[in-house]
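Asks: One structure follows; several queries about it will come next.
The values are calculated or read from the model by the stated rules, or taken from the named source; none is laboratory data. Remember, predicted model here, so these are calculated numbers, not experimental data. Don't worry about glycine lacking a Cβ; one is built from the backbone with ideal geometry, like all the others, and counts go over all protein chains shown.
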Amino acid sequence: MKRDITTLKDIEFLVDHFYEAVKQDPVIGPVFNVRLEGRWKLHHQKLYRFWHTVLLRRPDYFGDPVPLHYQMNLDKSHFTQWLNIWITIIDLNFEGIIADRAKFRAKTMANAFLEKIQNNSEQ
């Protein structure tokens, strides 16, 4: 039986399973694998804090993650695939208000990141 995302352990599970799928993905896997080689654990720890702040409204993450993505040559296909994997992992493992929030926030973030990246590349 699925349950909602309610704890930091749930977020850790979500992030860990999401990135296991990302590593294997032919579209975004190469982007992440090259960029994060030898640094996956640190990346996961940042993402635990990020999603803990976003989903459970715990102030664990501070900063602006968008500029870190400016030089990664990302386009709409990357964000579409990222979002598809994120939603799939949530739907396979969770359900409820916060699970729905996780999907909604990911959609809005993907769109915002893409827009900021495109605006930055035009300057």
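Asks: Could you please find all residues in the range 16-39 being among the hydrophobic types (A, V, I, L, M, F, W, C), part of a helix (DSSP H, G or I) and surrounded by 15 or more Cβ atoms within 10 Å (Cβ to Cβ)? Give the derivation first.
Replies: Here is the first cut: in the range 16-39, the ones among the hydrophobic types (A, V, I, L, M, F, W, C) are 18, 21-22, 27-28, 31-32, 34, 36.
Checking the rest, the ones that are also part of a helix (DSSP H, G or I) come to 18, 21-22, 31-32, 34, 36.
PHE18, ALA21, VAL22, VAL31, PHE32, LEU36, listed by residue number.
Asks: Can I ask one more? For the range 1-15, how many residues meet the condition of being closer than 10 Å to LEU55 by Cα and assigned to a loop (DSSP other than H, G, I, E, B)?
Replies: 3
Asks: Consider only pairs whose beta carbons are under 6 Å apart and that are at least six residues apart or on different chains; among these, list those whose first residue lies in the range 110-122 and is farther than 17 Å from GLN81 by Cβ and whose second residue is modelled with pLDDT under 80 and not hydrophobic (A, V, I, L, M, F, W, C).
Replies: Hits for this filter: ASN120/TYR70.
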